[in-house]
Amino acid sequence: MTALLALIRRDIRIALRVGGGALIGVLFFLTVVVLMPFAMGPDLALLARLGPAILWLGALLASLLTLDRLFTADHDDGALDLITMSRTPLELSCAAKALAHWLAAGLPLVIATPILGLLLNLDAGATAAVALTLLAGTPALTFTGMIGAALAVTLHRGGLLLAVLVLPLSIPVLIFGVAASEAAIAGPSSFGAPFSILCALSLFGLVVGPLAAAASLRQGLD
């Protein structure tokens, strides 16, 4: 447990120091949200209606932007070989690295959502609903995206393939995240089903992601 906590703290420090965590993700998220009103025109009602989808799409793209850093730094300095050969199960190490990545890159997106929602003409209740669904859904983006990051880490310029590998796994999270946000805005009676599925996708990613990533790393580093 001590080794896993040390790994989480190390990854968070690296992500924040090299600018690959909160800063780049939030700035990209802000860019997507700011550009959408210019592309859609001055129709505030349309902007508010599409606001949850825009916020979710921006969060998805921002997550993809930073996923390639999940294992790259450790692979470049040789730390990934030490992690693979350590006594700590590789699955737990992958889970710890994914948690650290979410804390550095995913959680800031959730925190920024209420502020960015104002740019899309969303009221406080709507932005809170979107932030809640992002809090439940962004871990799924990280833990399922970890599979693609593990597959791409040993490939030459594998970051170019990462989005292709991860995007199909992220589409269900996007669909049910937007559905839960819109259901929460429309009325609490229809919120439970899509939100429950969204939470189930996060739990599925939490279980399957570290197992698949560990298997990919063992195969790729042999």
**Prompt:** Can you find even one residue in the stretch 80-88 that is closer than 27 Å to Leu132 by Cβ, among the aliphatic types (A, V, I, L, M) and either modelled with pLDDT of 80 or more or surrounded by fewer than 21 Cβ atoms within 10 Å (Cβ to Cβ) (or both)?
**Reply:** no
**Request:** Filter the stretch 19-36 down to residues that are buried (at least 17 other Cβ atoms within 10 Å of the Cβ) and either modelled with pLDDT under 85 or aromatic (Phe, Trp, Tyr) (or both) and give me whichever is nearest to Ala59 (Cα to Cα).
**Result:** Phe29
**Prompt:** Residue check: is Ala59 touching a residue at least 24 places away in the same chain (Cβ under 8 Å), of a type outside the set (Asp, Glu), in contact with a helix residue (DSSP H, G or I) (Cβ under 9 Å, 6 or more places away or on another chain) and surrounded by 22 or more Cβ atoms within 10 Å (Cβ to Cβ)?
**Reply:** yes
**Request:** Quickly run through the stretch 103-122 and pick out the residues that are surrounded by 22 or more Cβ atoms within 10 Å (Cβ to Cβ) and either within 22 Å of the chain's Cα centre (by Cα) or aromatic (Phe, Trp, Tyr) (or both).
**Result:** Ala104, Ala105, Gly106, Leu109, Ala112, Thr113, Leu116, Gly117, Leu120
**Request:** Read through the list (1) at pLDDT 90 or above; (2) under 19 Å from Gly148 (Cβ atoms), then give the number of the only condition that Gly58 fails.
**Result:** (2)
**Request:** May I ask you to verify whether Asp11 is at pLDDT 75 or above and of a type in the set (Asp, Glu)?
**Result:** no
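The values are calculated or read from the model by the stated rules, or taken from the named source; none is laboratory data. Bear in mind the structure is a predicted one, so any value in this text is a computation, not a measurement. Backbone-built Cβ (ideal geometry, glycine too); neighbour counts: all protein chains shown.
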